[in-house]
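Inspection log for the structure reproduced underneath, given as structure tokens.
The values are calculated or read from the model by the stated rules, or taken from the named source; none is laboratory data. Since the model is a prediction, treat every value here as computed from it, not as a measurement. As a convention, Cβ positions derive from the backbone with ideal geometry for all residues, glycine included, and neighbour counts pool all protein chains shown.
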Amino acid sequence: MQLYIRRIATMLRNRKGAASVEFVTILPLVLLISMAVWQFAIFSLAIMDTHSAIRDAIKVASVTGDVKTARKEGISSFGKSNAYKLKKLSVKVNHGEVTVSANTNIPIIFVNSKAFTYSSDSDAPVLNNVAASYGFGSSSGRHGGAFLNGAALPGGKLAAPIHAAPGVGINGYSGHTGQDFPAPIGTNIFAAESGRVLKVVNLGDRSYGTYIVIDHGGGIQTLYAHMYDDQPVVHAGQSVTRGQKIGESGNNGNSSGPHLHFEVRIGGHPVDPMPFLR
């Protein structure tokens, strides 16, 4: 390709007249811009496919704990491309947390150089382990077997976890496990129901950022994510009451803007929170 461009440039230089001067200047520029756009498109597609692989792998691993199946699902989501290649996809489960990392080789087109390696990773809690560690079996987590204040779910009602209008819901995109509430950083977050703080976890600037899980009994937990590490005002093992402030909204972790990510889990499995909030 480089030789072809040089030949065109030489040919145009040897032509006489104003038109040849314009072509000598414009044509190589157009070709360079086209190559840059094509390279950018390849980079963008490779990055999107890498994140799709991580997203779907972490979803399967967090819900099932099955590392092998999660990796298989991630590779399937990446798909097949002749322009770039998934070099590595690693899925690990340790201490109730899932970590998925991926490396993708992206060639530098029209240049004889080593391929660029794009790397990314993400973390999430193992949903089944949260319930199992407190003795909640799958039978207690079925919709007909879970109770909140004596009412069988989904008939039970939860208090609003934040004073903000709902945004993207659980079905907003593949791998989304809760309800988002866009809100300015520092907006108060409240316990949706009385219970005990299961854990307060800081994942840094990845995945859920800093998040809180509250156990409400009967196999029901709620999760509040994307806080900064200094925003929770409760600690693991602390009892909280319905409507009590537990933290403030942030924009930490895998977040596209300031918001609260709120989850309702029954038997360790995420369900749509909105029926419990209406």
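List of remarks:
- Count of residues meeting criterion [touching a helix residue (DSSP H, G or I) at 6+ places or on another chain (Cβ under 9 Å) and either outside the structural domain of PRO270 (by TED's automatic domain parsing) or hydroxyl-bearing (Ser, Thr, Tyr) (or both)] in the stretch 174-207: 3
- Of the residues making up the stretch 31-67, those that are at pLDDT 85 or above, over 20 Å from the mean Cα position of the chain (by Cα) and surrounded by fewer than 14 Cβ atoms within 10 Å (Cβ to Cβ) are VAL37, PHE40, ALA41.
- Here SER140 meets the list (1) of a type outside the set (A, V, I, L, M, F, W, C); (2) at pLDDT below 85; (3) assigned to a strand (DSSP E or B) almost entirely, failing just condition (3).
- Residue under evaluation SER239, criteria (1) in contact with a Gly (Cβ under 8 Å, 6 or more places away or on another chain); (2) closer than 21 Å to ALA159 by Cβ; (3) surrounded by 23 or more Cβ atoms within 10 Å (Cβ to Cβ), criterion not met: (3)
- Within the stretch 143-171, tally of residues that are farther than 18 Å from GLY268 by Cβ, in a loop (DSSP other than H, G, I, E, B) and at pLDDT 75 or above: 12
- Within the stretch 242-258, tally of residues that are of a type outside the set (Asp, Glu), outside any loop (DSSP other than H, G, I, E, B) and crowded, with 19+ Cβ neighbours inside 10 Å: 3
- Verdict on ILE162 being of a type in the set (Val, Ile, Thr), in the same structural domain as ILE266 (by TED's automatic domain parsing), surrounded by 18 or more Cβ atoms within 10 Å (Cβ to Cβ) and touching a residue at least 12 places away in the same chain (Cβ under 8 Å): yes
- Close pairs from the stretch 252-274: first more than 19 Å from GLY218 (Cα to Cα), partner at pLDDT below 90 and among the polar types (S, T, N, Q), Cβ under 6 Å, at least 6 apart: GLY253/SER207; ASN254/SER207
- Being closer than 29 Å to HIS51 by Cβ, in contact (Cβ under 8 Å) with a residue 60 or more places away in the chain, out of contact with any helix residue (DSSP H, G or I) (no Cβ under 6 Å at 6 or more places or on another chain) and of a type in the set (Ser, Thr, Tyr) is a description that does not apply to THR210.
- Within the stretch 259-278, the set of residues being buried (at least 16 other Cβ atoms within 10 Å of the Cβ), among the charged types (D, E, K, R) and over 11 Å from GLY169 (Cα atoms) comprises just one member, ARG265.
- Note on the stretch 73-88: among residues that are within 15 Å of ASP121 (Cβ to Cβ) and over 16 Å from the mean Cα position of the chain (by Cα), the one that is surrounded by the most Cβ atoms within 10 Å (Cβ to Cβ) is LEU86.
- Screening THR177 on (1) part of a loop (DSSP other than H, G, I, E, B); (2) farther than 17 Å from GLU97 by Cβ; (3) among the β-branched types (Val, Ile, Thr) shows it passes everything except condition (2).
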